[in-house]
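Here the structure comes first, spelled out in structure tokens, and everything after it is commentary.
Every number here is computed from the coordinates shown, using simple stated rules; none is lab data. The model shown is predicted, which means the values in this text are computed figures rather than measured ones. All Cβ positions, even for glycine, are placed from backbone atoms using ideal geometry, and neighbour counts span all protein chains on display.
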Amino acid sequence: MYSESQIAGLEERARQIRCDVVQMVHDAGSGHPGGSLSAAEIIACLYFQHLRVDAKRPDWPERDRFILSKGHAAPALYAALARRGYFAAAELCTLRQLGSRLQGHPDRLKTPGIEATTGALGHGVALGAGLALAARRAGASWHTYVLLGDGEVQAGVVWEGALIAAKYRLANLTCILDQNDVQLDGPVHEVLPLEPLADKWRAFGWAVLEINGHNVRQILEALDHAALIHDRPTVIIARTTKGRGCSFMEGQAAWHGRAPTDFELTCALEELGHAE
């Protein structure tokens, strides 16, 4: 269904998002590179292939809604929004600066294209359920997508939102779970294990798809599959690697929230094939 050129184009988008992320966080002197890098392919597939959005009309009523529940991964979202045309890419260098529209976590009142202010982890599913229910009651055709981190799924409020979405059979809600198995304090499976994760979501009444979250074709096919499920919400469990693309960051909890030094930035950009 998807051509090799489409796949290659999205892989290139993900690479550019990663380059933007490490540069932005370095320039800011703070931020969260690890979980931003793990979500690059997911966000690239959403913003450059799947979502119905119009950067020239951020408030277009029929647009799809996207909620970054793992709000600390804002650098990846900002990179996608800039490259999609919501604002100039030059603005990315203002991340976390006083007065910048690009806050450390997404702020819907400041940044074009942001649908929900997030950062307090765990609230995205409930927000998404509310938007999906509103769309149904309005007879609207737009779809709501939520990107979760696996560490935040340890929060009870996630499951409250899941219950609401299942109760109302919100088939117009799709959650994507970035399962990189690393949170601030260490491996998720050691801090507070989630398995059997897929069975938990099924028990809550959701359709469950499991994919490699760095495989563009699998991401696109899972999103298409979710759109064909009409009797319940869907969660796509995407297995990823924290810090993907930068070998010294991969799988390391230390890179959940710290900026690279000048030398580390140079190494990261070289690994990512940064050509500018």
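Numbers at a glance
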| quantity | calculated |
| --- | --- |
| Rg to Rh, two decimals, where region 214-276 supplies the alpha carbon set and Rh follows Kirkwood | 1.16 |
| Residues D27, D178 arranged by fewest to most Cβ contacts within 10 Å | D27, D178 |
| For E41, E195, E271, order by how many other beta-carbon atoms lie within 10 Å, fewest first | E195, E271, E41 |
| Per-selection Rg to Rh, the chain - Cα, Kirkwood hydrodynamic radius | 0.94 |
| Length added when fully stretched, R57-C93, from 0.36 nm per residue minus Cα-Cα | 10.6 nm |
| Simple label model, 7 Å out from Cα along Cβ direction - H225 to V191, nm | 2.8 |
| Computed P(r) (all Cα pairs; region 49-108; 5 Å bins; percent) | 4, 17, 27, 27, 18, 6, 1 |
| Simple Cβ-charge dipole of the chain, Lys/Arg +1 and Asp/Glu -1, about Cα centre, in debye nearest 20 | 1060 |
| Proximal lysines to K70, defined as alpha-carbon separation beneath 22 angstrom and excluding residues fewer than eight positions away on the same chain | K110, K200, K242 |
